Amino acid sequence: MLTLAPRMSRAQPSAIMEIALNAKRLAAQGRDIISFSIGVPNFLPGDHVYQAARDALEHDSGQYGSNRGPDALIDAWLGSLERSGVSGYGRENVATGVGAKHVLFNVLYALIEEGDEVLIPTPYWTSYVDMLDVLGAKNVFLSCSAEQSYKLRPEQIAAAITPKTRVFMFNNPSNPTGMVYTKEEIAALAAELVKHDIWILSDDIYREMIYDGIGWQHLVQAEPKLRDRVILIDSISKTYGMPGWRVGFLAGPEIIANACVILNSTAITNLPEVVNAAAAAALSGPQDVTGGKCKEFSARRDKVLECFSRIEGMTCPRPQGAFYAFPNISFAFGRKHRGEALSDDVAVCKAMLDGVGVACVPGSAFGEPNGMRISYTCKEHELPDGLARIERFFGELD
Ligand SMILES: Cc1ncc(COP(=O)(O)O)c(C=O)c1O
């Protein structure tokens, strides 16, 4: 019988997508479902983005483009990084891809040999592990529980490093927890990381979605010596409400950027001209949509936390970015909802969907089975209703 390559036995569909699709399916069958499952922004980009796309269509060359990405797009992105306080990168340090996901995959493909160890703080974004599993990496999880506010401590890196450690995955602000590292915390991590000769993947796609005026700090700002091993990953998906346009970036040492340009040449050639023009317009045009959304999301975050504080037994470190909250729900394990036993996070999320029609993602999808992720970018009227249902669900536990 014809078979797939053995590595495909390790490939998994995205657990988050599966839950989101299930919620959609139930809604299509007429069930009253509120989905807090998928992490998509609830807005579209400004008119100038669509105008740039229309203009690009008018002048479409119809030709293949640059494997790295067009200069106009790269310059617009470097400008946006500089506005966030990260400078010193040139076009030669950059590569683009079909969303940050593709860029991450390219980078990991360029770096990982089977058996290489990769340090992954938990909770983590699910796709890191999906990608690393396919590539045959040995995932080394650094547990960051709710008690330590889901944030990694430098001594955890020191304790996990071995001669086989190849890559450290870092994501700030975090999906799934919404936590944001302070300047001091970034400095402490940078001071530890600089002692070790390992690649650092810094996934910064939520860097513009930070609340409470705390600002975004980066490892390369804290420790410039890290520049020769940090790979900064970014995307237009969340910041500009453009997840379907599929544009992602990296900035890092030339050897990395060039490797990803070659992989683009091998696998995709280039991103479409119209998409590139729209992305450049988003990055260099007015930034007020994102700013307005941050205000809205921080107010929503407050509502989510208010609701959680009324649920007896639930704790939730206060998120300050992205659009997620990740409460600890382990107080519900071993209890029952309408007669159904809740043995773990998956059972809780299933019972919540069945019982009150709210879809959240079980924490085990992110390597932290004591929690669940709620993404609060739903339609405005759905938030109070969905939160009231969650409160009712936990109030009904025996
Ligand atoms: C932490 C993180 N990194 C990367 C991505 C992928 O983003 P993109 O849409 O640019 O592929 C996501 C998407 O949810 C994410 O949450």
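Computed values, structure above
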read-out: Hits in region 196-216 (condition: among the small types (G, A, S) and in a loop (DSSP other than H, G, I, E, B)); value: G213, G215
read-out: Hey, L387 modelled with pLDDT of 95 or more, surrounded by fewer than 22 Cβ atoms within 10 Å (Cβ to Cβ), within 27 Å of the chain's Cα centre (by Cα) and within 30 Å of Y240 (Cβ to Cβ) or not; value: no
read-out: Selected residue (only one of L271, L263 is part of a helix (DSSP H, G or I), farther than 21 Å from N171 by Cα and either among the hydrophobic types (A, V, I, L, M, F, W, C) or near the ligand (Cβ under 9 Å from one of its atoms) (or both)); value: L263
read-out: Region 234-260, residues that are within 16 Å of the ligand (Cβ to nearest atom), outside any helix (DSSP H, G or I) and surrounded by fewer than 23 Cβ atoms within 10 Å (Cβ to Cβ); value: S237, G241, M242, R246
read-out: Single residue of E208, E184, E147, E155 found to be surrounded by 18 or more Cβ atoms within 10 Å (Cβ to Cβ) and more than 15 Å from V230 (Cα to Cα); value: E208
read-out: Residue match in region 27-47 (condition: away from the ligand (no atom under 16 Å from the Cβ), among the basic types (K, R) and under 30 Å from K350 (Cα atoms)); value: yes
read-out: Residue match in region 247-268 (condition: assigned by TED's automatic domain parsing to the domain that holds E382, within 29 Å of L232 (Cα to Cα) and either modelled with pLDDT under 95 or touching a Phe, Trp or Tyr at 6+ places or on another chain (Cβ under 9 Å) (or both)); value: no
read-out: Residue, surrounded by the most Cβ atoms within 10 Å (Cβ to Cβ), within region 190-205, restricted to residues that are β-branched (V, I, T) and away from the ligand (no atom under 11 Å from the Cβ); value: I200
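The values are calculated or read from the model by the stated rules, or taken from the named source; none is laboratory data. Remember, predicted model here, so these are calculated numbers, not experimental data. Ideal geometry is used to build each Cβ from the backbone, glycine not excepted, and the neighbour counts take in all protein chains shown.
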